[in-house]
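The values are calculated or read from the model by the stated rules, or taken from the named source; none is laboratory data. Computed from a predicted model, the values in this text were never measured in an experiment. Every residue, glycine as well, gets a Cβ built from its backbone with ideal geometry; the counts of neighbours run over all protein chains shown. What goes into the accessible areas is simple: the full protein's heavy atoms, side chains included, and nothing from ligands, DNA or RNA. Shrake-Rupley method; radii C 1.70, N 1.55, O 1.52, S 1.80 Å.
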Number of protein chains: 2
Amino acid sequence: MSEETVNMEGAVCAPPLPHHEQIVMGHGAGGRMSHQLIRKTFLPAFQNPVLQTGDDAGLVESALRQKLSISTDAHVVSPLFFPGGDIGKLAVCGTVNDVSMLGAKPLYLTAGFILEEGLQMDVLQRVIDSMKQAAQEAGVQIVAGDTKVVQRGKADGMYITTAGVGIVREGVNVSGANARPGDVVILSGTIGDHGIAVLGARGELGFQSNIQSDVAPLNHLIEAMLDASPNIHVLRDPTRGGLATTLNEISSQSGVEIVLNEEAIPVNPEVSAACEMLGFDPLYIANEGKLVCLVPGEDAEKVLSAMKKTRYGEGAVMIGEVSTGTKVRVLLRTAIGSTRLVDMLAGEMLPRIC
Amino acid sequence: MSEETVNMEGAVCAPPLPHHEQIVMGHGAGGRMSHQLIRKTFLPAFQNPVLQTGDDAGLVESALRQKLSISTDAHVVSPLFFPGGDIGKLAVCGTVNDVSMLGAKPLYLTAGFILEEGLQMDVLQRVIDSMKQAAQEAGVQIVAGDTKVVQRGKADGMYITTAGVGIVREGVNVSGANARPGDVVILSGTIGDHGIAVLGARGELGFQSNIQSDVAPLNHLIEAMLDASPNIHVLRDPTRGGLATTLNEISSQSGVEIVLNEEAIPVNPEVSAACEMLGFDPLYIANEGKLVCLVPGEDAEKVLSAMKKTRYGEGAVMIGEVSTGTKVRVLLRTAIGSTRLVDMLAGEMLPRIC
């Protein structure tokens, strides 16, 4: 890590990525290559203050000065069904969660389906039923949709892109840019379950596993947290790129140093074993039903206790804090007392995990 | 047409479609098969009053009783570039137009990209630049995005799903369900240009053509129309399935008979010639920059004259009216004085046209 450089946003990062003439799988992995694609290709074209914030959703104002949170996610997970979920549940929860991460109550979703010719109707029906259930649990309505069909071999069963709109709760101001020294980092439960569950469903683990995806709508959890403290600074769900990438994004957006305690980060023993066998670090594995919260130290206990009373927050723990250090980076204090730098995921790790 | 039956919504329609165990291309064509898929598979699951209206966008209320128009469109056009446009322009205009068709001012878009591994970066860049231009012309901001990459052979270059949010103009009430006897049907210009332009780009015409797609953002046109008359009953863009399918949808939603004058419907001579050679009816060919408007007879002249002053409405003409007939159907008075029934597009016609 001696070759660290500091990028324009002041973040510690590895040497520049190679130039690509073509899209490669790593551009979809949610790590540094994805960020570069967004920064170099999308942002310059679509430049506006809303996109520039780099949060999970865009924050806009309606004519009546009401703040709306708007987000979208394309879903291409393979296989379509995996232990604990499927592409439909993922498509609803992914967008519900992104909209919620700005402290908004998600209300409306849209769903765009790209179906491959030959897709079994009952497969589509199961996915739709699953979306219905997830939407009901989250309390959102799917108010618009579109369906396109492409020839055999031009998709992989089905892809679903959802978008969502929510109303930001009065008096809250949550953003990845709001982390401050003294903030405590709370994680809502174990990491790595989703990614490893999908790998298992692909038969890529090499052994039978009981690992279930954690895919879940987190909006009710967030409501409980904001009821406990309106002073929450950051909410973010560590999906593609995992906890490490998410915390690097927050560190970069806020210009702060985040220090984690390795021992405090909960990992399901089966996930841990799978990662060890495959040479993966759970910090980089995708989650679909977890969130990290950064909250001023004085409110941390009450937020944590509110989380523990909810279905998707019962495993919540404090895992670190924002230090007073001036370097923009994420550090991990290991069990043996050493400290290592936690970088953002670079390129590809697990393709088509969401 | 002696086997006509009346469906649950009271619409005249052909005999029931065959049952399908698998998705076939016709499910994506925007005609009767698409409608059946939506009615049998999507609507029962996502049932809510907003979806049920069957309009191009969902109409919802924010907490402050402000009406929002929300819509989404998945874009899978092949090839990615065609005379007059590309998938990026299409993705922006398609959603801008759908949001606008409820009498709303579109403000915010989201864009979800599914990229195929190996896509050339400069192709992506050209598409993005085109989206930027289209968004600027429409005056909308792209406030959220997502990018996924799938392996070679799991997509076809790129797919783009956009969603949009707009604010419904005070005092207007536009819906496919609002057509009433005495309404005049106004069409904003020639039909069939987009579909034939895409066919030409695929080399499927068998001859060189100069036909350009009409893809365009229609929101400013609609503003001018609503300035001229807030009493407009219906606005709809005849995309997949063409003018015939769109008018059948309106007839069905409103429970009215629509009578068209064949001679009044403008068709570019080149489009007309191509259709004749290929055995297509321009009434069923997709448009991406045209709209139909149904407005009470007394306001028709002023709406038409306002349209003619705009860039995308200069070719506007009155093409028919809502009759006092009690049958729910669309009729065409031909040049030779006969009358024929115009049905909805049944299955597939031109795949991947948008």
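So the values come out like this:
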quantity	calculated
Amide H contacts of A:GLN120 (H built 1.01 Å from N, under 5 Å, at least 5 apart or other chain)	B:ILE23
Stretch gain in nm, segment B:ASN48-B:LEU278, where the contour uses 0.36 nm per residue and the Cα spacing is subtracted	78.7 nm
Shape call, region A:213-275: gyration tensor on alpha carbons, a/c limit 1.5	oblate
For region A:159-271, the spread of Cα positions along each principal axis, largest first, Å	48, 33, 25
Prolate/oblate/rounded label for the protein assembly as shown (Cα gyration tensor, a/c 1.5)	prolate
Kyte-Doolittle mean at least 1.6 and Cα axial length at least 30 Å: DSSP H helices in chain B	none
Projected-area average for chain B over all orientations - Cα convex hull basis, square nanometres	18.1 nm²
1.4 Å probe accessible area per residue over region B:183-341, in Å²	37 Å²
Cα pair distances in region A:258-304, grouped into 10 Å bins until the bin that holds the longest one, percent each	19, 47, 25, 9, 0
Surface per residue (accessible, 1.4 Å probe) for region A:57-172, Å²	28 Å²
Overall Cα dimensions of region A:183-341 - principal axes, largest extent first, Å	45, 35, 26
Expected-Rg normalisation [2.2 N^0.38 Å, Cα atoms] applied to region B:57-172	1.13
Chains B and A, summed buried accessible surface - 1.4 Å probe, Å², nearest 100	6800 Å²
Of all accessible heavy-atom area on the protein assembly as shown, the percent that carbon and sulfur account for (1.4 Å)	50 percent
Violating pairs (Cα-Cα greater than 27 angstrom) within the set A:LYS148/B:LYS290; A:LYS105/A:LYS290; A:LYS67/B:LYS309; A:LYS154/B:LYS89	A:LYS67/B:LYS309
Rough spin-label spacing in nm, given labels placed 7 Å along Cα→Cβ, for B:HIS19 and B:GLU204	3.1 nm
Distances in nm from A:THR324 to the matching label points in the other copies, shortest first (labels 7 Å along Cα to Cβ)	8.6
Loop sites in region A:315-354: trypsin sites (Lys or Arg not before Pro), DSSP, at most 10 other Cβ within 10 Å	none
Rounded, prolate or oblate (a/c below 1.5 giving rounded, otherwise prolate when a/b exceeds b/c) for region B:100-237 by Cα gyration tensor	oblate
Exposed-site-free run, longest, chain B (rule: GluC sites (Glu not before Pro); DSSP loop; at most 11 other C-beta within 10 Å)	B:171-354
